[in-house]
Each structure stands twice: as C-alpha cells, then as structure tokens.
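Trainee: Attaching a single structure in structure tokens format; questions to follow.
Readers should treat all values here as calculations from the given coordinates under stated rules, not as data from a laboratory. Nothing here was measured: the structure is a model prediction, and the numbers come from that model. Because the Cβ atoms are built from the backbone with ideal geometry, glycine has one as well, and the counts that use them run over all protein chains shown.
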Amino acid sequence: MSVNLRVSVGGLRLTSPVMAAAGCGGFGHELARLGVLEHLGALVTPSISASSHPTQHRVRLTEAPSSLVLPTDWPTIGTDTMQPTRVPWEGEQGVPVVASLVGSTSGEFAQAAAGLRRRTLLRGVGGVEVNLACPDAGNKGIPFSYADFAATKVIARVREELPRNVPVLAKLSADVSDVVEIARGCVKSGAEAVVVTSPLRALSMTGVRLSLPARSAGLSGPALLPVTLRAVHDLAAAIRDGRLPPVAIVAVGGISNGHDAAQAMAAGASAVQLGTALIHDPGALRTFRDELVADLQALGLHDVQQLVGLVHR
Amino acid sequence: MTVAVTGELIATRKVGAFTHLTFVAPGVGEIARPGHLVSVAVGDAVSALVARRTVPLHAVTPSGTYGGTVDIVVDGDRDPGMRWLADRRVHDEVALIAPLGRAFPLPQEPLPCLVVGVDTAAAPLAWQARALRDRGCPVELVVAGSDDRHLFGVVEARRTIGNVTVVTPGETGLHEPLRAAVRAGVRRQDAAIVYAAARAQELAVVTPLAESLGAVTQVAIHEDMPCGTGLCSACTLPVRGRDDRVHSIRACSDGPIVRGARVVWDQYLAGLAGELEARA
Ligand code: FES
C-alpha cells in the first residue's frame, strides 16, 4: 500500500511532514554533506535578525538528563550583512526553506522581515517563522511568547512587511498559562501556522561558586515530548471547539523519530520539527519515513493527513 | 565525503588513564587524514545523554580483514559520555560519523617540523608525524600530560619517530615546562612549522611562543563538540579574518585545524572561562 506523506502548513507545501528546527539543521549544506537533506520536508534556518549580533561570549551548551540546555543569547545573522547574490540557503532549493526571525522589539522583527523582502533575500524562502521566545526589551525581558499583546504585535508587524504568499509561522512557548490565548492573538494578526514549543525557560548553571554566572537558557530535547504533545493537543482541541480559528499546528520539542511524529500528528500537528534529534543523530532523518509509515499502516491509513488530529475525532 | 555507520567495537584496551577503542567503520579509512574528527552518539536508545562526543581519529585502516577500522582514544574520567564510551565492550555497537572537519595540511617542501600534543588531543600526532616523515620532513615530537598516566602515544612515537620529549607538570604547572620544551624543540632543528593539538589553555601558550620563534603554527582545537557536524554552533572560536575583522568559526566543521596565528586567544579563553573553572 503506498502512503501519501504530503502535507500543507499554512500554504507551504511539503513532500514530507518533517522539518529541521531553527538552529539545528544549519543552512542545509551540513545536512547535505551527511546525505540526509533529501529526507526533509523543509528546513528552518538559524536565527536571522535585522543586524548581525555576533557572539559576545561563547554559546555554552550543557547536558541535562534527556535534554540540552542552551543559552538564550545566541549569535544571529543580520539581513544587513547577508549577500543578496549569495544567500546561505542557496543550493538547497530542492527543500523548502523557512527563515527564522528574531528580535528584541516588534520594530526589530519588522525590520528583519523588511530586510528579507527589500534585499530580495526572500528568494527561495517558502515561509517565515517568527521566534517569539526572544526576550522583549520593552517588557522587562519577558519573552514575547508569554504575553498575548506582545506576540500579537510582533506577528502583525512582520505580516505587514511580507508578501501575502509567504506564510508566517508563529513559534510559541508551551510553558505559559494559556497557549490557546497567545495562539489566538497570533492567528488574528495574520499567522498562518503556530509552532509549539520553543525550549522551556531554564537556567544554565555549571557549578555553585559565586564567580560562575547563572545564565538564562532554554531546555530542549527528548524530555520535552510530553509537554509538546500537551500543547499541540490543547491547540487542536481549541480549534475543534471553536475557541481558536482553524490554523496549522507544527510540533517541535522532543520529537526524535517517526513514531514521536505520529503521536504529535494524532494530537493535532500537521507537521513536526526535529531539533535536538538532529544534533544527537542526523541519521534519524533516514529512518523517519519508515517509522511514520509503519504507524500509519498499523492504523490502516494511506494518507498522513488522515492522522492529523485523530485523537480529537 | 562523510560516512555515517554503526560501528562494532572489536578491540578495547587501557592506556594509562585513557581507553583506546577500535571500531569497524567501512569507508572511513580510505578518505580520512590526520586531524580529522569522528563524532560519536553516546548512550543508547534509553540513555539520558543527548549531545554527541567528538574526538580526533587516532588511526584508520582501509577495508581489509575487518572491513576498515577507526581507532580513538578517550578519557573516561572527563564526563559521563566519555565514561560510557570507555566502558563499551567488544561487540558493542556505536553510531559514528567520520571523517569530519579539516585535516592537518602538509608542507609542499620537506621542512623541519615540531609536533606537540597534550593529553588525549595527542591521539592523531603519531599518524601526522609519520605523514610528515613520508614527505621527507625532519620531525620531533613533544608529548605532554598532567601526569605519567595522562601521556598518550609516547612508546609508539619513540618507536616510529624517535625524537620525543615528554613533558609533565613542574612546580608551577604544565605551562612552563611545555613552553621550555617547545622553545628547545623549535630552536634545535629550526622548525618551520609547529603542529599542536591541545585544549585552548595550552594552545594559547604554545602558539604565540612558536610564532615568535619564527614558526608557522597549525593547531588542532580540542574542544567539547556536541554535534561535530556543524549543526549546533556550540563549538565556535573567534578568528581574525583577512579583512582583520573577528569572525566566529565552528571548531568542528571549519576546524579543528586552524592557523594558530588567526585565533584570537584572549577572547577565546575569556569565552571559555566559566567552563574551565567549572571543570577545575
Ligand atoms: S559541535 Fe555542533 S557545530 Fe560544532
């Protein structure tokens, strides 16, 4: 029995529901060198901002049980320094590219989006993912994704700057009191899809001596899977009950293989992103399809879209 | 070209404080050169370890009796992931990706070279020294470690290369004796190139010294590399480009071999500070 794995995420058509999460799949050539790029439905780029933010201190990635702790002050690439003639994702055109935008004010997000458009860096970009987990400089550093007014404003400003045919994906945090409320604001202001969850807010500590700074960080990795499933489930349930307008949901956080993806899709996701899983083993992409197909066949399904939201029917 | 394989462990032995492991890994031996890395997934399916461990290849054999092998040297006391690797038994299988990164460049001419290695970073140096000698380069080796049990490859190097200086810490630590050995080694044979493999703290000592003595330095950055494949950007180091601006490059995929003079050591060490202190 042949199985259809094609999905659409807010208008972005993918040949497979698996994407590389922002900052975990490089710009494509790293995965191409490993011979696994072709297995991706889409690739989300590392963080892109209005102007380059180089590394002040080193990105220190530490291990916690079944997870990784990543500092939040990550270096970014500015649209101002990117060469329109040589965009980093060029050459990966076989795989749809989603640009990941970051900023510390809604204005900066808008500027980054405008930079993409004005400098024609949008060439080869199938969609834009807005990373709302960035600290909001205008709100005591509380991430945009924790306050619906802040998230709504960012999405509206980014949406204004981009052509209608470029879908906007809002990346949300699951560790908020009501993810549905934040998602509603984003959808109202023009997001075509929501992505949950960003890394959970955490602290990076390497010891207890006073001289060792405790730095703001995010927790990601397999430990997050149940959290992600819960957020996806709640969003899908809200859509079913009419509390949230219909919107595509993308699951990210702790998804390591095709079986995890099948669960996330049954909970309501149209697609999934692999992050830490690619760092642990980029070869996971090779077996992903078979694992997902096996789960579909066990359910007697021949189209992955029949799996989306299965638990809500 | 990169090979991703599940390699069976066919030999394991203790070498002082370290563990020397040989895996079957077809296809790596044909393309790997000294300085290249191998990235290893540690822990099994139910393990809590997510980051990989990336180490230099110690040696490789092309497909033969065992279908091609790779050898690595790990320090099991370093962290739980290295411990897991050191504890593997013959017939265990481990997911490997190799060769990664840039190898040591070889000089076009037969120039005198000094090769310096500290701790497990010294693993690829006997291989590199042989490659240099095959080019006709006169070669001397400096092998350093925190004590006798943390010296790697002295016996093998003595057998194949001959001129080996062993360095262990003096009263003020490792840096002074290391500096003295490098100074003597460069002067003795008027070395044109110094190849050094170590952690940043030692490289920051060796590099300016060797450059001040007129040698070009090619250094292998020994660093925590959680993916090894260039995906995570957690192994960056600052280097000065031709435009005189400081860029950050990834040690795993843009290195691990870089021109020592290009690295902005102060900035690199400052960035590592918390990490180093936490380990101390
Ligand atoms: S270790 Fe991940 S980019 Fe180098």
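Trainee: Does a label point 7 Å from the Cα of B:Asp147, set along Cα-to-beta-carbon, have any residues of the stretch B:1-29 with amide nitrogen under 17 Å, and which are they?
Mentor: B:15-19
Trainee: Modelled label-to-label distance, B:Tyr66 and B:Arg89, 7 Å Cα→beta-carbon offset: nm?
Mentor: My value for the distance between the label points is 1.8 nm.
Trainee: Just add up the charged neighbours of B:Glu8: K/R +1, D/E -1, any other residue whose Cβ is under 12 Å from the Cβ of B:Glu8.
Mentor: Details: positive: B:Arg88, B:Arg89; negative: B:Asp92, B:Glu93.
The answer is 0.
Trainee: Looking at chain A, do any whole DSSP H helices span at least 27 angstrom along their long axis by alpha carbon and average 1.6 or above on Kyte-Doolittle, and which? Write out the running numbers ahead of the final one.
Mentor: Working: long enough: none.
Helices passing the filter in chain A: none found.
Trainee: For B:Val15, enumerate residues with amide H under 5 Å from its amide H, sequence gap 5+ or separate chain, H modeled in the peptide plane.
Mentor: Residues meeting the amide H criterion: B:His20.
Trainee: Within 10 Å of each Cβ of A:62-72, how many other protein chain Cβ atoms are there on average?
Mentor: Values: counts 6, 11, 2, 4, 6, 2, 6, 0, 4, 1, 0.
Mean partner-chain Cβ count within 10 Å for A:62-72: 4.
Trainee: Sorted from largest to smallest, which semi-axis lengths in Å does the alpha carbon gyration tensor of the stretch B:3-100 give for its equivalent ellipsoid, taking the root of 5 times each eigenvalue? Kindly include the intermediate steps, with their values, before the conclusion.
Mentor: Working: eigenvalues 78, 40, 34 Å².
Equivalent ellipsoid semi-axes, largest first: 20, 14, 13 Å.
Trainee: How much of the DSSP bridge set in the stretch A:1-157 is antiparallel, in percent, rounded to the nearest 5?
Mentor: On the way: 8 of 21 bridges.
Bridges in the stretch A:1-157 are about 40 percent antiparallel.
Trainee: Could you give me the ³J(HN,Hα) list for the stretch B:234-239, computed from phi with Karplus coefficients 6.51, -1.76, 1.60 and θ = phi - 60°, whole Hz, x at Gly and Pro?
Mentor: In residue order, the calculated couplings are 9, 10, 6, 9, x, 10 Hz.
Trainee: Can you sort A:Ile155, A:Ile239 so the residue with the fewest Cβ neighbours within 10 Å comes first?
Mentor: Values: A:Ile155 26, A:Ile239 21.
Ordered by Cβ neighbours within 10 Å, fewest first: A:Ile239, A:Ile155.
Trainee: Could you list which residues have their amide H under 5 Å from that of B:Ala196, counting only those 5 or more apart in sequence or on another chain, with H placed in the peptide plane?
Mentor: Residues meeting the criterion, in which the H sits 1.01 Å from N, are B:Val116, B:Gln218, B:Val219, B:Ala220.
Trainee: In addition: Just give me a number: lysine pairs in the protein assembly as shown, eight or more positions apart or cross-chain, with C-alpha atoms less than 17 Å apart.
Mentor: Working: A:Lys140/A:Lys153; A:Lys153/A:Lys171; A:Lys153/A:Lys188; A:Lys171/A:Lys188.
Within the protein assembly as shown, the lysine pair count is 4.
Trainee: A follow-up question, please. Return the equivalent ellipsoid semi-axes of the protein assembly as shown as a descending list in whole Å, where each equals the square root of 5 times an eigenvalue of the C-alpha gyration tensor. Provide the component values of the computation, followed by the final result.
Mentor: Details: eigenvalues 409, 136, 87 Å².
Taking √(5λ) for each Cα gyration eigenvalue gives 45, 26, 21 Å.
Trainee: Residues of B:236-246, mean number of Cβ from any other protein chain within 10 Å of their own Cβ, rounded to a whole number? Don't jump to the answer; show the numbers that get you there.
Mentor: Values: counts 5, 2, 3, 0, 0, 0, 0, 0, 0, 1, 2.
Whole-number average of other-chain Cβ neighbours for B:236-246 is 1.
Trainee: Which Rg and Dmax, in Å, describe the Cα atoms of the stretch A:7-312?
Mentor: Reported Rg and Dmax, both Å: 18.1, 59.
Trainee: Restricting to the stretch A:177-313, what percent of DSSP beta bridges are antiparallel, rounded to 5? Don't skip to the end; give the middle numbers.
Mentor: Working: 5 of 12 bridges.
That works out to approximately 40 percent antiparallel.
Trainee: While we're looking at this one, here's another question. Could you give the length gained on full extension between A:Arg230 and A:Glu38, defined as 0.36 nm per residue of separation minus the Cα-Cα distance, in nm?
Mentor: My answer for the length gained is 66.1 nm.
Trainee: How much of the pair distance distribution for chain B lies past 22 Å, counting alpha-carbon pairs only, in percent?
Mentor: Numbers: 21505 of 39060 pairs.
Counting every Cα pair in chain B, those more than 22 Å apart make up 55 percent.
Trainee: Percent relative contact order of chain B, based on C-alpha pairs within less than 8 angstrom and at least six residues apart?
Mentor: That works out to 17 percent.
Trainee: Next question, about the same structure. Within 10 Å of each residue's Cβ, count the other Cβ atoms and sort B:Cys137, A:Cys24 from fewest upward.
Mentor: Values: B:Cys137 20, A:Cys24 25.
Ordered by Cβ neighbours within 10 Å, fewest first: B:Cys137, A:Cys24.
Trainee: Roughly speaking, what is the stretch gain from A:Arg313 to A:Val3, that is 0.36 nm per residue apart minus the C-alpha to C-alpha distance, in nm to one decimal?
Mentor: Working: separation 310, 0.36 × 310 = 111.60 nm, distance 2.11 nm.
My answer for the length gained is 109.5 nm.
Trainee: What average count of beta carbons from other chains do you get within 10 Å of the Cβ of residues in B:219-227?
Mentor: Numbers: counts 0, 0, 0, 0, 1, 4, 1, 10, 10.
Taking the mean over all residues of the peptide, I get 3.
Trainee: While we're on this one: Can you check how the C-alpha radius of gyration of the stretch B:113-279 compares to 2.2 N^0.38 Å, as a plain ratio? Mind dumping the intermediate values first?
Mentor: Values: Rg = 15.5 Å, N = 167, 2.2 N^0.38 = 15.4 Å.
Rg over 2.2 N^0.38 Å, computed on Cα atoms: 1.01.
Trainee: Same structure again: Sorted from fewest to most neighbouring beta carbons within 10 Å, what does the list B:Leu125, B:Leu151 look like? Before the final figure, lay out the partial values.
Mentor: Values: B:Leu125 31, B:Leu151 23.
Taking fewest neighbouring Cβ atoms as first place, the list is B:Leu151, B:Leu125.
Trainee: Evaluate the Kirkwood expression for the hydrodynamic radius of the stretch B:1-42, namely the inverse of the mean inverse distance over all pairs of different C-alpha atoms, and round to one decimal in Å.
Mentor: Values: mean 1/r = 0.0843 Å⁻¹.
Kirkwood radius, the stretch B:1-42: 11.9 Å.
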